[in-house]
1. So, counting K/R as plus one and D/E as minus one, what does the shell of residues with Cβ under 12 Å around Asp74 add up to?
2. Starting from the eigenvalues of the Cα gyration tensor, five times each then square-rooted, give me the equivalent ellipsoid semi-axes of the stretch 179-327, largest first, whole Å.
3. At 222 nm, what helix-only mean residue ellipticity would the chain give, in deg cm²/dmol to the nearest 500, using -39500 (n - 2.57) for each DSSP H run of four or more?
4. Note down the magnitude of the dipole of the stretch 172-228 about its Cα centre, charges +1 on Lys and Arg C-beta and -1 on Asp and Glu C-beta and zero elsewhere, to the nearest 20 debye.
5. For the chain, treating each Cα as an identical point scatterer without solvent, what Debye log10 I(q)/I(0) comes out at q = 0.08, 0.11, 0.16 1/Å?
6. Dimensions of the stretch 7-176 along principal axes (Cα, Å, largest first)?
7. Mind listing the Cα extents of the stretch 150-221 along all three principal axes, in Å, largest one first?
8. Among Glu44, Glu212, Glu34, which one shows the highest mean-square fluctuation when the chain is modelled as a Gaussian network with alpha-carbon springs under 10 Å?
Amino acid sequence: MVNLSMHIIGTGAAVPKRVITNEDITKVGDTSDEWITSRTGIKERRMLSGEALQDLAKDAAREALDAANIAAADLDLIIVATFTPTNFTPNTACYLKSTMGAGKAVAFDINSACSGFAYSLWVAQSIMAVHGYKNALIIGADALSIVTNWDDRSTFVLFGDGAGAAVLCGEDEASRGEILASTVHNFDDEGHSLFVTGINNGTPFYKPGTSEKSIVTMDGKTVFRFATVVCVDIMRELAEKAKVTLDEVSYFVLHQANGRIIDHVAGKLKLPIERFFKNVDKYGNTSAASVPIALHQMMQECRPKTGELVMLAAFGGGLTAGGAVFRV
Ligand code: UT7
């Protein structure tokens, strides 16, 4: 085991060009801009219309590598978190490795739904520590538009597509972005509350019914309750592990599932809402891409100063949750 400190040294993001507004969504089913805005804070989202998710992942990756001043050839590890890949095989990480010239990288995908970026960070840290790897690229990319149930208005208003990336550096001498703590958790008993069935094309001997289509089914209220509790727990756990207080954290970047979840968490912890970055109004819930896209935008727009603390927290299907805290 090599005992290195781990650093976030670059971020990037990419979203599809096509903007789908709440007005557009009202043409799909019985809903309204007023309902979507007041219940979720979402005004618009992006959806794939011709682009491949894996190319968005590549755009986000390039931006993160440029920001980190690292060449793809210097990457030791690529982990992509997604459950809606362009291809199951070669997986998205292999696609990035071959098309970006990351010749020596070990590359693989993971699936932890909306918590995927937090899981990829935790897994990357562990692998880097064991193998003494220097540079890793971690990506969250999802296109929930392709698994949306367009007959269920309680979910089709929520989702958008996109990709976000970060470069991790495992060098003691790196002076910025040190990760002070990270965590992941599973809550299997509540797995039924958020479900996307796998694909089943059928065989000459068995034809699946329509109920076996690969689409999202969600008990929104259960997931809402889970999210507000788990985010608070994770943020307290991260603060304790990192030996900092939540008051000392300058920016909180939570999974952008619903603006009201973020408001609840801020309220429960009695923290100023201004310290919680939000872009759910522009992108909706982009699943594994949500935290890294928000992180990238927060870094660009809020420009935290060297030494300031940033905390990430995610939750999603599984049910799963995870997060990290780092010093800019
Ligand atoms: O990343 C994965 C994690 N997922 C989440 O974090 C989602 C967490 N859950 C939520 O964000 C919320 O539960 C939703 C936004 C999904 C739903 O909000 P809600 O406040 O829990 O609404 P509800 O499902 O209890 O529905 C309230 C009412 C119902 O009507 P009645 O029975 O009160 O007359 C629904 O039929 O709103 C109705 N409704 C809608 N009306 C207009 C549900 N969806 C819609 C809609 N447009 N799209």
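1. Overall, the nearby charge balance is 0.
2. 33, 16, 14
3. When only DSSP H runs of four or more count, the value is -10000 deg cm²/dmol.
4. I would put it at about 460 debye.
5. After summing over all Cα pairs, the log10 values are -0.34, -0.64, -1.37.
6. Taking max minus min along each principal axis of the Cα atoms, the stretch 7-176 gives 54, 32, 24 Å.
7. Answer, in whole Å and largest first: 59, 35, 27 Å.
8. Its mean-square fluctuation being the largest, the pick is Glu212.
Taken together, the values in this text are just the output of simple stated rules run on the coordinates, not laboratory data. Every value quoted in this text rests on a predicted model; they were computed, and no experiment measured them. Don't worry about glycine lacking a Cβ; one is built from the backbone with ideal geometry, like all the others, and counts go over all protein chains shown.
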